[in-house]
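A short worksheet on the structure shown next.
Just so you know, all these numbers are worked out from the coordinates, no wet-lab data involved. The structure presented is a predicted model; accordingly, all values stated were derived computationally and were not measured. Counting neighbours? That spans all protein chains shown, and the Cβs are built from the backbone with ideal geometry, glycine included.
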Amino acid sequence: MTEPIREDRPKRRRELIDEVGTDPDPRVRFANERTFLAWNRTALALIGGGLVVAQFLKPGLAGAQLLVALPLIALGALIAISSYRNWQRNEWALRLDQSLPASALPRMLVWGVAAFALAAVALAIIRAASS
């Protein structure tokens, strides 16, 4: 879903963020960057977890580890891409002295982890039933 370009934003998407508005307080800018980096650490952990599941989990059901691993890896990729978009939106708002926009990242992470937990429970039940 694309957002309509507001009048206070540049018409061209490729225009550099630093050329818009005024420099915000560096502490606020660094906080935005730290948040971006924290989301990327979360994304890397999800991707790493998916790779671990794919390599080491042997549930006894052919391909079952991929049913858990691939969504984790995909969620990690989605979080990584979305975190950049979130950082960019926050940077625009800071430079234009506007309120920070709401982020969908926490909701995506919660639903993704909940779905992973349900898949893990299903795998555990299948494994227990087949033993």
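Which residue out of Leu72, Leu94 is assigned to a helix (DSSP H, G or I), touching a Pro at 6+ places or on another chain (Cβ under 8 Å), under 30 Å from Asn32 (Cα atoms) and of a type outside the set (S, T, N, Q)? Residue meeting the stated conditions: Leu94.
Quick grid of which residues meet (1) surrounded by 14 or more Cβ atoms within 10 Å (Cβ to Cβ); (2) closer than 29 Å to Val20 by Cβ; (3) small (Gly, Ala, Ser):
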| site | (1), (2), (3) |
| --- | --- |
| Ala64 | yes, no, yes |
| Val68 | yes, no, no |
| Leu78 | yes, yes, no |
| Asn86 | yes, yes, no |
| Gly112 | yes, no, yes |
| Val121 | no, no, no |
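All of (1) over 12 Å from the mean Cα position of the chain (by Cα); (2) surrounded by fewer than 12 Cβ atoms within 10 Å (Cβ to Cβ); (3) of a type outside the set (Val, Ile, Thr); (4) within 17 Å of Arg34 (Cα to Cα) hold for Pro106 with one exception: (1). The residue list Leu51, Leu16, Leu66, Leu46 contains one member that is within 15 Å of the chain's Cα centre (by Cα) and of a type outside the set (Asp, Glu), which is Leu46. Only residues that are within 30 Å of Ala69 (Cβ to Cβ), small (Gly, Ala, Ser) and surrounded by 13 or more Cβ atoms within 10 Å (Cβ to Cβ): list them for segment 13-48, please. Hits for segment 13-48 are Ala43, Ala45, Gly48. Scanning segment 15-59 for residues that are touching a helix residue (DSSP H, G or I) at 6+ places or on another chain (Cβ under 6 Å), free of Cβ contacts under 8 Å to residues at least 24 places away in the same chain and either under 18 Å from Leu96 (Cβ atoms) or among the β-branched types (Val, Ile, Thr) (or both) gives a single hit, Val53.
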